Amino acid sequence: MKPLTTTRKGVGKPIAMCLLLVLAMMLLSSCNGNPQNQQQASQNKHTLDNTLTDAQSIGVPTNLLQPIKQQEQQLSGTNAPLGLFGDQPVSNYYTNLALRYSQLNSQTTGLETQSTQQLDYQASQDLQNLSNALAERQGQNFVEAKTFADQLTKYQQDLANAKYPKEYIQISTEAQDSTQALHLMGPAFDGLNAFNQVIQQLQSSNLDVTGFTQEAQVDLQSFRSATKAEDFSQLIDLVNSQLNQTTTVSTIAIPYVGQIKLNQFGKDIQLIKQYGGDISAYQQHFDTDQQSLNNAKSLGDFLHVSGQIDADTVSIQIPLTKAQTHSLLQQFHQEVTAWGQAHQFHDTFNNQSYPLDYEYDQQGIGSDADAAVQSAQTMDDYQSAIDLLNNDLLYLHMMEQDYSDSTPFSQVHQTDLTLMNHYGVTNSKEVLVVSLIEQTLRYYQNGQLIRSFHITSGQFDKPSPPGFTQIFLRESPTKFTSSEPKGSAFWYPDTKINFAMEYRSGGFFFHDSWWRNQYGVGTNFPHYDSSGDESFSGNGSHGCINMLLSDITWLYPNSQYNAQVILY
């Protein structure tokens, strides 16, 4: 008989397998950790995905969202650790995962707010740049500027209604294109004039210019209907091509056209002399060209001489315009100084005297004129500087004329009408005209004077800049924060403002000034301003147009975005 303790072969293997199975089930159970933590991580990821989708849909720039998406992908690619010795490591993993998804979601929400604010500000700046470019072309009496004035009105309305980044981006894109179009308007117009001048030269040589004249008429129609930068670029290329064609034709009439060109070169030389420039080198070129033209016999001779005259004429254009610009700048400064010395405000408060045209001196727009001339390099730069100086002289002359005008401040002034007519806004819906010499604001609607106000403008060291602009920002109420460091003479504490309308970039507003009791002539200089039973030392503003609260309480709701503004 075999012993009862003998083990049957194969019985131990099933028992071992059972033990492994139980152990595996325990491990799998522990790997899951806390189900609530895992569910929270999943929910937070879903929330983040929705927030990112919303951010993309409202136009938050992709480059801002990309880092967050990459971090999310990295988190999604991680796995929970094996919980061999308990649930805690797995629970910690899902807790941290939920927290990171939540943080990324908060970052995305913050980016939405940040990009919206930044793009809103950029759109406002682009509209101000467009407004400045438009004012320049309006000052040059381009009737085509009306198209861009309508565009500006639309963009301003869009800005007032915009909420999302993609809307602000669209406004900036359109405003930048319109601004570029206005910049190209000058070169395009110069090209049209050059083309017409060549046509006239050919016509004076008894050549048939019918085809060229028709092309010039089509070009003019294209110029007047242009609405985008691309339109002006294409027109400039077309006109340059047409000028090349007329140059080819002009070789036939070189003997006649050459003398006409040389005569024009001589006139340009005399202009430089008139402006005080050195003409010795150009006079030598003129004498040489005249002798070569007189000695020319063959067509080749005439072509050579004509080419030299063209080169000399081109070479003198920028020096000529530069000399004209510097002469005009000198004239402007001389007149400002002479008139200011003869017309001063004697301040009994501090026993000092101030020139009444200080807004046009170096602390005012005189420095802007200097900067424009000094930075000019191209022909268009100098022409822009000339346009700026002519406008500055116009404002100065209107101020001088208004000084001698005894018309009551509450009635229409001839200087107001002259400036409104100059800019073609006499019949505009709204025009705010500020007379700095009178310290007065007159509000016109459709050419009719509606109401007049006494104001206080910028003090001697912080003048209100004369010019032609538009209202591009309205805020009610708002808070002004000083851009100067504490301790500066121009620093001020945070100040509540009830009504503010910005008319020029750099923080120039029409706004109420509850800390003042006195407005009108002399309040832009140091003075006593009574406040209740006390008196305090007052002065002009930091460049803004200060108004009595009751006055701007009426003006603010009765004026709108893009109301025209003239300061002189």
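Which whole-angstrom value gives the distance between the alpha carbon centres of region 193-224 and region 305-363?
Taking the Cα centre of region 305-363 as reference, the centre of region 193-224 is 36 Å away.
Test of understanding: what is the full-extension gain from Lys146 to Gln352, defined as 0.36 nm times their sequence separation minus their Cα-Cα distance?
Length difference between fully extended and current span is 69.5 nm.
What's the long-distance tail for region 27-148, i.e. % of Cα pairs beyond 18 Å? Each step should come with its number before you reach the end.
Working: 4792 of 7381 pairs.
Here the tail beyond 18 Å accounts for 65 percent of pairs.
Averaging over all projection directions, find the projected area of the Cα convex hull of region 408-561 and quote it in nm² with one decimal place.
9.2 nm²
Which chymotrypsin sites (Phe, Trp or Tyr not before Pro) in region 448-524 sit in a loop by DSSP (not H, G, I, E or B) and have at most 16 other Cβ atoms within 10 Å of their own Cβ?
Phe490, Trp491, Trp514, Trp515
Along the three principal axes, how long is region 133-228 when you take its alpha carbons, biggest first, rounded to the nearest angstrom?
Largest first, region 133-228 extends 63, 23, 16 Å along its Cα principal axes.
Which whole-number value in Å² is the accessible area per residue of the chain, probe 1.4 Å?
Ligands and nucleic acids excluded, the result is 52 Å² per residue.
Over all directions, average the projected area of the Cα convex hull of region 173-218 and note it in nm².
Seen from a random direction, the Cα hull of region 173-218 projects 3.5 nm² on average.
Need the full-extension length gain, Leu549 to Thr109, defined as separation in residues times 0.36 nm minus the C-alpha distance. One decimal, nm.
Between Leu549 and Thr109, full extension yields 154.5 nm more.
What do you get for trypsin sites (Lys or Arg not before Pro) in region 463-552 restricted to DSSP loop and a cutoff of at most 10 other Cβ within 10 Å of the site's Cβ?
Numbers: sites: Arg474, Lys479, Lys486, Lys496, Arg504, Arg516; in loops: Lys486, Arg516.
Here the sparse-neighbourhood loop sites are Lys486.
Considering only DSSP beta bridges where both residues belong to the chain, give the percentage that are antiparallel (nearest 5).
Taking every DSSP beta bridge within the chain, about 80 percent pair in antiparallel fashion.
Let me know the volume per residue of the alpha-carbon convex hull for region 388-452, in Å³. Could you put the intermediate results ahead of the total?
Values: hull volume 4.7 nm³, N = 65.
About 73 Å³ per residue, rounded to a whole number.
Considering amide H positions built from the backbone, and no H for Pro or chain starts, which residues 5 or more places from Gly458, or on another chain, come under 5 Å of its amide H?
Residues meeting the criterion, in which the H sits 1.01 Å from N, are Ser464, Ser541, Gly543.
Along the charge dipole of the chain, which of Pro485, Gly277, Thr348 sits closest to the positive end, that is, farthest toward it, with unit charges on the beta carbon of Lys, Arg, Asp and Glu (+1, +1, -1, -1)?
Of the listed residues, the answer is Pro485.
How fast does region 446-508 diffuse by Stokes-Einstein, in µm²/s, taking the Kirkwood radius from C-alpha pairs at 4 °C and 1.567 mPa s?
So the translational diffusion coefficient is about 91 µm²/s.
In debye, nearest 20: dipole of the chain around its Cα centre with unit charges on the Cβ of K, R (+) and D, E (-)?
Here the size comes out at about 3480 debye.
Tell me whether region 205-292 comes out rounded, prolate or oblate; compute the Cα gyration tensor, take square roots of the eigenvalues as a ≥ b ≥ c, and use a/c under 1.5 as the rounded threshold. Walk me through the numbers on the way to the answer.
Values: a/c = 3.09, a/b = 1.60, b/c = 1.94.
Oblate is the answer for region 205-292, as a/c is 1.5 or above yet b/c matches or exceeds a/b.
Please name whichever of Asn50, Pro89, Thr495 sits farthest to the positive end of the charge dipole of the chain, dipole taken about the Cα centre and charges placed at Cβ: Lys and Arg +1, Asp and Glu -1.
Pro89
Label-point separation (nm) for Val314 and Lys273, each offset 7 Å from Cα along Cα-to-Cβ?
Each label point lies 7 Å from its Cα, and together they span 2.6 nm.
Report Rg/Rh for region 473-568, rounded to two decimals, where Rg is the Cα radius of gyration and Rh the Kirkwood radius.
Taking Rg over the Kirkwood Rh, I get 0.96.
What do the square roots of 5 times the Cα gyration tensor eigenvalues come to for the chain, in whole Å, largest first, as semi-axes of the equivalent ellipsoid?
Values: eigenvalues 920, 354, 86 Å².
Values for the chain, descending: 68, 42, 21 Å.
Evaluate the Debye formula for region 65-112 with equal point scatterers sitting on the alpha carbons, no solvent, and hand back log10 of I(q)/I(0) at q = 0.19, 0.22, 0.29 Å⁻¹, in q order, two decimals.
Relative scattering, expressed as log10 I(q)/I(0), comes to -0.65, -0.77, -1.05.
How big is region 226-344 in terms of Cα radius of gyration and Dmax, in angstroms?
Taking only Cα atoms of region 226-344, I get Rg and Dmax of 19.9, 68 Å.
Roughly what would the spin-label model give for Ala338 and Ser505, points 7 Å off Cα along C-beta, in nm?
The modelled label-to-label distance comes out at 3.5 nm.
In sequence order, what are the phi-derived ³J(HN,Hα) couplings for region 153-159 according to the Karplus relation 6.51 cos²θ - 1.76 cosθ + 1.60 with θ = phi - 60°, rounded to whole Hz, with x for glycine and proline?
For region 153-159, the Karplus curve yields 4, 5, 4, 5, 5, 4, 5 Hz.
Answer with one residue from Ala181, Asn161, Leu127: the one whose Cα lies farthest towards the positive end of the charge dipole of the chain, charges on Cβ with Lys, Arg +1 and Asp, Glu -1.
Checked the options; the winner is Asn161.
Only Cα pairs under 8 Å and at least 6 apart count here; give the relative contact order of the chain as a rounded whole percent. Write out the running numbers ahead of the final one.
Details: 774 pairs, mean separation 57.7, N = 568.
Relative contact order for the chain comes out at 10 percent.
Suppose the chain between Ser406 and Asp301 were pulled fully straight at 0.36 nm per residue; how much longer would it get relative to their current alpha carbon spacing? Walk me through the intermediate numbers first.
Values: separation 105, 0.36 × 105 = 37.80 nm, distance 6.73 nm.
My answer for the length gained is 31.1 nm.
Give me the Kirkwood hydrodynamic radius of region 342-431 in Å, from all C-alpha pairs, to one decimal place?
Evaluated on region 342-431, it is 15.5 Å.
Give the dimensionless ratio obtained when the Cα radius of gyration of region 93-192 is divided by 2.2 N^0.38 Å.
1.58
Can you pull the one-decimal nm distance between simple spin-label points at Arg451 and Trp515, each 7 Å off the Cα toward Cβ?
2.5 nm
Carbon and sulfur: what percent of region 319-447's accessible surface (1.4 Å probe)?
46 percent
Over the Cα atoms of region 358-485, how large are the radius of gyration and the largest Cα-Cα distance (Dmax), in Å?
Using the Cα atoms of region 358-485, the pair Rg, Dmax is 16.3, 46 Å.
The values are calculated or read from the model by the stated rules, or taken from the named source; none is laboratory data. It should be emphasised that the depicted structure is a prediction, and the values quoted were computed from it without experimental measurement. Glycine gets a Cβ as well: all are built from the backbone with ideal geometry, and neighbour counts include every protein chain shown. Ligands, DNA and RNA are stripped out before the accessible areas are found, and what is left, the full protein with its side chains, is counted by its heavy atoms. Shrake-Rupley method; radii C 1.70, N 1.55, O 1.52, S 1.80 Å.
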